[in-house]
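Data block below; observations after.
Values in this text are rule-based calculations from the coordinates and carry no lab data. The structure presented is a predicted model; accordingly, all values stated were derived computationally and were not measured. Cβ atoms come from the backbone with ideal geometry, glycine included; neighbour counts cover every protein chain shown.
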Amino acid sequence: MTNSIPHRLQQIIDFYEQLPDDEKREALINEAALSEEYAPAEGEVFDVESIRKDTECSDTVGIFVNASEDSIIQFKISLGEKVQTLTRALSVILCKGLKDCSADEITNLPESFVPRIVGSELYRLRSRTIYYMLRRLKEAVEKLTNQ
């Protein structure tokens, strides 16, 4: 599988790349505000549920994954109150950009797209944590495909 970026995610990257840094930060804050829209509904059942607090994150993060019969991945996220704005924003971007992708598309997604979205200043400030949500999502999808 090549390290290509799914079309929806590429559209988001293209949008962020054309923004000046101040507008990029504002857009990321707006994305973060949408994180509750991607939380699982009460009683919703998933093939894989990974809920934990890691040292890279300030609060508990839940990744919930289902695979359809044709191996299309659907996922939701839950974020504790203390999860930082950038992590929330990247969570929403992943939910939007990876909607209806295959497990291979997700697990083979290169991390190189992340700084293209967040910009060099935020990348320098948060370089240890900005890949957290992508790593967690890939881990959950790999767990699902190995069942």
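Past the 23 angstrom mark, what percentage of all C-alpha to C-alpha distances in the chain do you count?
31
Hey, could you get me the Stokes-Einstein D for region 1-65, Kirkwood radius over alpha-carbon pairs, 25 °C and 0.890 mPa s, rounded to whole µm² s⁻¹?
Diffusion coefficient, whole number: 165 µm²/s.
Can you list which of the GluC sites (Glu not before Pro) found in region 1-99 are DSSP loop residues with at most 15 other C-beta atoms within 10 Å?
The qualifying sites are Glu42, Glu44, Glu56, Glu69, Glu81.
Normalised by the number of residues in region 7-145, what is the relative contact order in percent for Cα pairs under 8 Å and 6+ residues apart?
Numbers: 207 pairs, mean separation 43.8, N = 139.
About 31 percent, as a whole number.
For a quick check: sort Val45, Val114 by the number of other beta carbons within 10 angstrom, fewest at the front. All intermediate terms of the calculation are to be shown ahead of the outcome.
Values: Val45 8, Val114 21.
Least crowded to most crowded, the residues run Val45, Val114.
For the chain, what does the helix formula give at 222 nm: sum of -39500 (n - 2.57) over DSSP H segments with n ≥ 4, over the residue count, nearest 500 deg cm²/dmol?
It lands at -14000 deg cm²/dmol.
Have a look at Ser71, Ser102, Ser91 and tell me which one the Gaussian network model of the chain (Cα, springs below 10 Å) gives the largest fluctuation.
Between Ser71, Ser102, Ser91, it is Ser71 that shows the largest mean-square fluctuation.
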